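Every read-out reported here was derived from the displayed coordinates using simple, explicitly stated rules and does not represent laboratory data. Worth saying up front: this structure is predicted, and the values here are computed from it rather than measured. Cβ placement follows ideal geometry from the backbone for every residue including glycine, while neighbour counts extend to all protein chains displayed.
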Amino acid sequence: MSASKHDHDREEGLAFQPKFDASGLVTCVATDAATGDVLMVAHMNDEALRKTIESGEAWYFSRSRNALWRKGETSGHTQRVIEMRLDCDQDAIWIRVEQQGAACHTGRRSCFYRKVDAAAGDTRLSFVDADKHFDPAKVYSE
């Protein structure tokens, strides 16, 4: 099959054909199903994607730990998948989730708790919606 036909099928067809990168990963954006807030961005490998679909709970692949993980397996702050979508060329996934507790390992509801402020050539960050819901040192202590 030619690349253009294959791309057309992937973009316009109904076959589930996720396109993993050279590392075997696909980017996943998780948003709160009720509010639409972006909660986190993570990666899935084939196994994480299959487990997410089969279980209805979010599974990811940690690049830093080189390991599969179920969201909330340590913290108890789980994500139940309400809907999963793929982008046009199936190389990014969007999951709408019911978030229990906080999504961010820093203890915040969302990983996106800072905004970019640019004024007079000086770019800085400021906190927004940055209240902590748990103490990471207590939750992730080993």
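Brief remarks on what is shown
- Gain upon complete extension [Ala15, His105; 0.36 nm per residue less C-alpha separation]: 29.0 nm
- Relative exposure of Tyr140, Tyr113, judged by other C-beta atoms within 10 Å (fewest first): Tyr140, Tyr113
- Isolated Cys residues of the chain, judged by Cβ distance under 4.7 Å to other cysteines: Cys28, Cys88
- A simple spin-label model places the labels of Glu47 and Glu73 0.9 nm from each other, with each point 7 Å out along Cα-to-Cβ.
- Distance in nm between pseudo-label sites at Ser55 and Ala34 (7 Å out along the Cβ direction from Cα): 2.3 nm
- Proximal aspartates and glutamates to Lys138, defined as alpha-carbon separation beneath 17 angstrom and excluding residues fewer than eight positions away on the same chain: Glu73
- Taking 28 Å as the limit for the C-alpha separation, the pairs Lys19/Lys132; Lys5/Lys51; Lys19/Lys115; Lys71/Lys115 exceed it in the case of Lys19/Lys132; Lys5/Lys51; Lys19/Lys115.
- Distance between modelled label sites at His6 and Asp135, nm, 7 Å Cα→Cβ extension: 5.3 nm
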